[in-house]
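Okay, so here's the structure we're looking at.
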Amino acid sequence: MFQCVSGAAVRRVFSLSAALLVSACSTVATTTAPSPSPAPASPFTGFFKNFSTCRSEFDAIEARIAEAGVREASFHVVPGFAYLRTDRMLASFRDQVSGVDDVWEWTRRMRELEEEARDYELMNLGIPNPQRADLRARLADCGRVLAAIELADDANWAKLQAAVKPADQPAAVTEAAFDPAQWQRDYLAPLQALPAGTSMRLWAPKPVEDLRLLDQLPQAVELNVLQYPSMTNSAWRALAERHAPRLWIETASEQDLPAAPAYLPQGLGADTGQSPVYYQIGYTRFGGATLVQITYVAWFKAAASAPAPLEGLIWRVTLDAAMKVLSYDSLRASGQDHRWYPVQPLSPQPDRLASGQLYVAPELAPATGATLRVASGDHQLRRVVPAAQAASAKTGEYELRAYEDLYALPLADGNTRSLFGPDGTLATTARAARPEVPRQTGHHAPADVTPLHLDDPYVLEAVFVPVPQQPLRTMQTAQLRR
């Protein structure tokens, strides 16, 4: 069904701009004598007459953002197109968009990512809210107009397709030693043999959402024209709460408590007076379908000797096309110690298995109530067990928060700043080159045990043999454009 889209198809998507250009270039013959070729007409006429300065306006705000060091790295700016941002999932469609609806949705989504990231940048610049709202609206309008004008040109479309894929991360995370067989033996050891620390504490998500919103899954899920699953915001939050992990932590000190990253008087650190876990909705491609992924991040106060004041544990849930749990994977926020925990039977790719660098749990993980046994101190994930096995004298609740909350943390002066710097590592971290430093989602490079970037849409297929997925129904284009 997918073909490389032609320039003509792109111009049909932006039919308004094409019509205006045709109108602007129309001439009425008054004589049969030859006449000089007219100079190219400006596209900024008619509806677009107030947008001739949009390029310079983008250049100006880009310069302010760069000077202030507040570039939001959640999505990647497409080189040459300041009004578009992308991620690896969206870029994977670059040679597959076909027809008006596909092109419209692909470019609309890139503009949407740009507007989302830009909003955090304007906030972190300290621009007061009324002016920020006006500037945000102006840049959004400029982005729509520039997309309509520039992407109707074949040469610009070719440049976009060539530049849309995010650049590879420069360095891979290296494991100190490879011994998947020993890891599997340790994984199967009796729970009673594991250290208990000073005490055991079980953290569960605080119930907030109406989980009845999920009663109609998967029928309630629609697919857009690019096959992205779609639901209401409240349903997404309920889904995140349903699959949120329980944290069964060997607790010896406050460093073993889930904490909120914060800018404290002494600098970036961990507020152990709060106990949140952050979640983010994402997507991957597996078995011919686009699947939902939910990423959870628990942050902890790091040891004084650590290269950063925080460390994090990432837990990712991949759902199949029927919205049932397919697999889990975990890693440190630095990208180290990437491990896989299939829920449904999955066969490792033979080449990855032969490499001796693939860490796959030796038994299937529970589909519901996944409970993570976390070590004290280094917060290594020891085991994934059913909720019934997690006996604990002490319990606590954590608050589920959107991962995007980390992009604008409050400062003492009333302004905000992202937890992450423009390079996708923790902000203000002097030793950012160290492999132990946490990274923002979308910035975890390929590692010895992970053949692709963590957010590569085909990373699951690189590890496991794809299982064909039954596609859900597709939304009508009219619904998408409402």
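Is one or more of the residues making up the range 407-426 closer than 21 Å to A303 by Cβ, modelled with pLDDT under 95 and not charged (D, E, K, R)?
Within the range 407-426, one or more residues are closer than 21 Å to A303 by Cβ, modelled with pLDDT under 95 and not charged (D, E, K, R).
So in the range 165-183, with the set limited to residues that are polar (S, T, N, Q) and part of a loop (DSSP other than H, G, I, E, B), which one is modelled with the lowest pLDDT?
T174
Looking at the range 357-382 only, could you name the residues that are surrounded by fewer than 19 Cβ atoms within 10 Å (Cβ to Cβ) and not small (G, A, S)?
Q357, P362, E363, L364, P366, T368, D378, Q380, R382
Step by step: first the residues of the range 123-143, then only those that are over 24 Å from the mean Cα position of the chain (by Cα) and not in a helix (DSSP H, G or I), then the one that is farthest from Y407 (Cα to Cα). Which residue is that?
The extreme case among them is P128.
Please state which of the following conditions V225 fails to meet, knowing it meets all the rest: (1) hydrophobic (A, V, I, L, M, F, W, C); (2) more than 30 Å from P348 (Cβ to Cβ); (3) more than 22 Å from the chain's Cα centre (by Cα); (4) assigned by TED's automatic domain parsing to the domain that holds A408.
(3)
Does the range 191-207 contain at least one residue that is part of a helix (DSSP H, G or I), closer than 30 Å to Q357 by Cα and either touching a residue at least 40 places away in the same chain (Cβ under 8 Å) or not assigned by TED's automatic domain parsing to the domain that holds I249 (or both)?
Checking the range 191-207: at least one residue is part of a helix (DSSP H, G or I), closer than 30 Å to Q357 by Cα and either touching a residue at least 40 places away in the same chain (Cβ under 8 Å) or not assigned by TED's automatic domain parsing to the domain that holds I249 (or both).
(1) without any contact (Cβ under 8 Å) to a residue 40 or more places away in the chain; (2) under 23 Å from the mean Cα position of the chain (by Cα); (3) surrounded by 15 or more Cβ atoms within 10 Å (Cβ to Cβ): which one isn't true of A162, the others all being true?
(3)
Residues L226, L239, L211, L257: which one is at pLDDT below 95 and of a type outside the set (S, T, N, Q)?
L226
Applying the selection to the range 321-338, what residues are closer than 24 Å to H379 by Cα, assigned to a loop (DSSP other than H, G, I, E, B) and of a type in the set (G, A, S)?
A333, S334, G335, listed by residue number.
What number goes with the only condition from (1) over 22 Å from the mean Cα position of the chain (by Cα); (2) touching a residue at least 60 places away in the same chain (Cβ under 8 Å); (3) assigned to a loop (DSSP other than H, G, I, E, B) that T368 does not pass?
(2)
With surrounded by 15 or more Cβ atoms within 10 Å (Cβ to Cβ) and closer than 30 Å to D413 by Cβ as the only criterion, which of E105, E57, E67 stands out?
Only one candidate passes the filter, namely E57.
Quick check: is even one residue across the range 343-355 in contact with a strand residue (DSSP E or B) (Cβ under 6 Å, 6 or more places away or on another chain), in a strand (DSSP E or B) and buried (at least 21 other Cβ atoms within 10 Å of the Cβ)?
No, because not a single residue in the range 343-355 is in contact with a strand residue (DSSP E or B) (Cβ under 6 Å, 6 or more places away or on another chain), in a strand (DSSP E or B) and buried (at least 21 other Cβ atoms within 10 Å of the Cβ).
Could you say which residue among D423, D337 is touching a Leu at 6+ places or on another chain (Cβ under 9 Å) and in contact (Cβ under 8 Å) with a residue 40 or more places away in the chain?
The unique qualifying residue is D337.
The values are calculated or read from the model by the stated rules, or taken from the named source; none is laboratory data. Predicted model, so just to flag it, every value in this text is computed and none were measured. Positions of Cβ are generated from backbone atoms using ideal geometry, with glycine treated the same way; all protein chains shown enter the neighbour counts.
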